[in-house]
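In what follows, a structure is listed as structure tokens, so that the remarks can point back to it.
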Amino acid sequence: YDQHKNIVGTNGIIRDITKQALYEEEIIKIEAKFRNIFESFSDIYYRSDENAIAQIISPSVEQVSGYKPEEVLGQSEKNFHRYPKVLETMQKLLKEHGSIENLHGELIGKDNRIIVVSVTSTAFYDSNGKYAGANGIIRDITEQKNKADWLD
């Protein structure tokens, strides 16, 4: 400014953010790619905290159980297990071994039908090594189970 308070010039810094913009664009593309994969699962992907509260659930939960993802998120997994003791056993095994593979259980669908499932899950831990929850895949095996029972 001059003595009459008129602008006579400017000062500034110009920074080339081309690389940052390209990086952000690439992140958006990668995120869209993984969202597409996540949304196309027929099995249910889930992530729960140390108290078995659902934190992430794939949209396929609706196809399998009738529950919309938003009806499951923030809920205890116990609310959906036919036998909550099986869930307790799964959690115990996860804490002891770090993973479970193809453990069978039964869920209750929104319409009260029984859904036989196979669960494969891995524990995750906080920065102090304390059990912080689990993530994994829940596969609906009701049809296979019914066919096997019919053949017996």
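Test of understanding: what is the full-extension gain from Glu106 to Glu31, defined as 0.36 nm times their sequence separation minus their Cα-Cα distance?
23.7 nm
Assuming charge only on the beta carbon of Lys and Arg (+1) and of Asp and Glu (-1), the dipole of the chain about its Cα centre is about 160 debye to the nearest 20. Listed peptides 110-117, 126-133, 8-15 appear in the order 110-117, 126-133, 8-15 once ranked by packing, highest mean of other Cβ atoms within 10 Å at the front.
Relative contact order (percent) for the chain, with alpha-carbon contacts under 8 angstrom and 6 or more residues of separation? Please list the in-between numbers first.
On the way: 225 pairs, mean separation 28.2, N = 152.
Answer for the chain is 19 percent.
Positive end of the dipole of the chain (Cβ unit charges, origin at the Cα centre): among Ala132, Ile27, Phe38, the Cα lying farthest that way belongs to Ala132. In percent, rounded to a whole number, the relative contact order of the range 65-135 is 27, using alpha-carbon pairs under 8 Å and six or more apart. Note on the chain: with neighbouring protein chains present and a 1.4 Å probe, carbon and sulfur make up 52 percent of its accessible heavy-atom surface. Short-range pairs are left out: with C-alpha atoms under 8 Å and at least six residues apart, the relative contact order of the range 23-111 is 21 percent.
Probe of 1.4 angstrom, ligands and nucleic acids ignored: what's the accessible area per residue over the range 83-139, in square angstrom? Write down the numbers at each step before the final one.
On the way: 3280 Å² over 57 residues.
About 58 Å² of surface per residue is accessible.
Bridgeable lysines around Lys95 (alpha carbons under 27 Å apart, same-chain partners fewer than 8 residues away excluded): Lys78, Lys85, Lys130. Over the chain, dividing the summed -39,500 (n - 2.57) contributions of all DSSP H runs of at least 4 residues by the number of residues returns a 222 nm mean residue ellipticity of -11000 deg cm²/dmol.
The values are calculated or read from the model by the stated rules, or taken from the named source; none is laboratory data. Because the structure is a prediction, the values reported are computed rather than measured. Using ideal geometry, Cβ is built from the backbone for each residue, glycine included, and neighbour counts are taken over all protein chains shown. Ligands, DNA and RNA are excluded from the accessible area calculation, which covers all protein heavy atoms including side chains. Shrake-Rupley method; radii C 1.70, N 1.55, O 1.52, S 1.80 Å.
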